[in-house]
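Student: Once you've had a glance at the structure underneath, I'll fire off some questions.
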Amino acid sequence: MRILRWSWLSWFLLVCCLVSVTSVSAQLQGKELPMKYPIAYRTIEVDGLSIAYREAGPKNAPTLLLLHGLPSSSRMFQPLLTRLADNYHLVAPDYPGFGHSDWPDPRQFAYTFDHLASVMNDFTQALKLSHYTLYMQDYGGPVGFRMALEHPERVDALVVQDAVAHNEGLGESWATRRAFWADRPAYEEVLRTNLLSLATTKTRHIGDDPNPALYDPDLWTDEYAFLNAPGQAQIQSDLFYDYRTNVQAYPKWQAWMRETKPRLLVFWGKHDLSFDPGEPERYRTDVPQAEIHILDAGHFALDTKADEIAVLLRRFLEGQN
């Protein structure tokens, strides 16, 4: 009987050991584990506006400021908040006009990238964020680069995920959008029909990925509902019209990168149809030591590659300490 009891005890200890190893392995892969630092959903008043943001991790840890794209919100960074909060302080705001932040009337609030960057700079001041790594996706690029050039002393490193900083990066698909910038009245209706459509919203996520079953359809149906909420057509077309100022600013951003050589990590979804696929390597012309990863993903690479991105991002951040 004693031999039998020890046999069962041995099996029990072996199972416990395997569970422990599995848990550690999952953590190393960036997968979700029970969180010591749960995500908080907060708001703060900035420049007279209620700005919503998600926050996780210890506040005395290195900070990641996560800047979302169109037509998303801080929600797109939920996968990173659940994977990196053990060692990092993650802050993901919603811009004015997006997510759960205020949507001021376009007649009273200028929806320009200069204005969004100004509000986000004031947001970081309100939260007393003196240093951070900027993680910029899509619209996060023009917001983040403006912030970096305004306060370079605050930026520890840059992470770019499917965001453009070179005119060639917009690609041939932007011909109609460039026409809109040249003659807004003539192309406004065409632009809105495309920008606010369900088909475009879906394609933004899936691109030409041959495995569409990997994508949660809530991603684009929720964003489609957002884009078609009252007031959004004017907000988004105003902001998209201002996108032309980003193109004008690209040489300035490139010059800043070439001069300062920031630590730079670039993620790019190879199925992204929004931008030219050669854009990632253009960053290397500005920052030769840039770390670049082409992922088997779409425009919103966190949709399907959160584990891989979390592991690579953690490795990059640990390398700067």
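The values are calculated or read from the model by the stated rules, or taken from the named source; none is laboratory data. None of the values given here were measured: they were computed from a predicted structure. Quick reminder, even Gly has a Cβ in these numbers, built from the backbone with ideal geometry, and neighbours come from all protein chains shown.
Student: Sort out which residues of segment 51-72 are touching a Ser or Thr at 6+ places or on another chain (Cβ under 8 Å) and either outside any strand (DSSP E or B) or β-branched (Val, Ile, Thr) (or both), and write them in order of number.
Tutor: If the condition is that a residue be touching a Ser or Thr at 6+ places or on another chain (Cβ under 8 Å) and either outside any strand (DSSP E or B) or β-branched (Val, Ile, Thr) (or both), then 51, 62, 63, 68, 71 are the ones that fit.
Student: Let me ask something additional. How many of the residues in segment 166-217 are of a type in the set (D, E, K, R), under 19 Å from residue 271 (Cβ atoms) and in a helix (DSSP H, G or I)? Quick ask: steps written out before the conclusion?
Tutor: At the first step, the residues of segment 166-217 found to be of a type in the set (D, E, K, R) are 168, 172, 177-178, 183-184, 188-189, 192, 202, 204, 208-209, 216.
Still in the list and also under 19 Å from residue 271 (Cβ atoms): 172, 202, 204, 208-209, 216.
From the residues that got through so far, the ones that are in a helix (DSSP H, G or I) too are 172, 202, 204.
Residues that pass the stated criteria total 3.
Student: Can we say residue 266 is touching a Pro at 6+ places or on another chain (Cβ under 6 Å), among the β-branched types (Val, Ile, Thr) and either surrounded by 20 or more Cβ atoms within 10 Å (Cβ to Cβ) or at pLDDT 95 or above (or both)?
Tutor: On the way: touching a Pro at 6+ places or on another chain (Cβ under 6 Å): yes; among the β-branched types (Val, Ile, Thr): yes; either surrounded by 20 or more Cβ atoms within 10 Å (Cβ to Cβ) or at pLDDT 95 or above (or both): yes.
Yes.
Student: Pairs needed: first member in segment 169-187, charged (D, E, K, R); second member anywhere, modelled with pLDDT of 95 or more and assigned to a helix (DSSP H, G or I); C-beta distance under 6 Å; at least 6 residues apart or different chains.
Tutor: 184/241
Student: Next up: Could you tell me how many of the residues in segment 269-285 are assigned to a helix (DSSP H, G or I) and surrounded by fewer than 17 Cβ atoms within 10 Å (Cβ to Cβ)? Can you show your working first?
Tutor: Of all residues in segment 269-285, those assigned to a helix (DSSP H, G or I) come to 279-285.
So of that shortlist, the ones also surrounded by fewer than 17 Cβ atoms within 10 Å (Cβ to Cβ) come out as 281, 284-285.
Of the residues in segment 269-285, 3 are assigned to a helix (DSSP H, G or I) and surrounded by fewer than 17 Cβ atoms within 10 Å (Cβ to Cβ).
Student: Every residue in segment 286-321 that is of a type in the set (Lys, Arg) and either crowded, with 20+ Cβ neighbours inside 10 Å or in contact with a Gly (Cβ under 6 Å, 6 or more places away or on another chain) (or both), please.
Tutor: Within segment 286-321, the first condition is being of a type in the set (Lys, Arg), and the residues that meet it are 305, 314-315.
Selection gives 305 alone.
Student: Out of (1) buried (at least 23 other Cβ atoms within 10 Å of the Cβ); (2) free of Cβ contacts under 8 Å to residues at least 60 places away in the same chain; (3) out of contact with any Asp or Glu (no Cβ under 7 Å at 6 or more places or on another chain), what's the single condition that is false for residue 136?
Tutor: The single condition residue 136 does not satisfy is (2).
Student: Applying the selection to segment 56-114, what residues are buried (at least 23 other Cβ atoms within 10 Å of the Cβ), within 20 Å of residue 236 (Cβ to Cβ) and among the aromatic types (Phe, Trp, Tyr)?
Tutor: The answer is 95, 98.
Student: Which residues, taken from segment 294-321, are part of a loop (DSSP other than H, G, I, E, B) and touching a helix residue (DSSP H, G or I) at 6+ places or on another chain (Cβ under 8 Å)? Full working, then the answer.
Tutor: Filtering segment 294-321 for residues part of a loop (DSSP other than H, G, I, E, B) gives 296-301, 320-321.
Of everything in segment 294-321, those that are part of a loop (DSSP other than H, G, I, E, B) and touching a helix residue (DSSP H, G or I) at 6+ places or on another chain (Cβ under 8 Å) turn out to be 296, 297, 298, 299, 300, 301.
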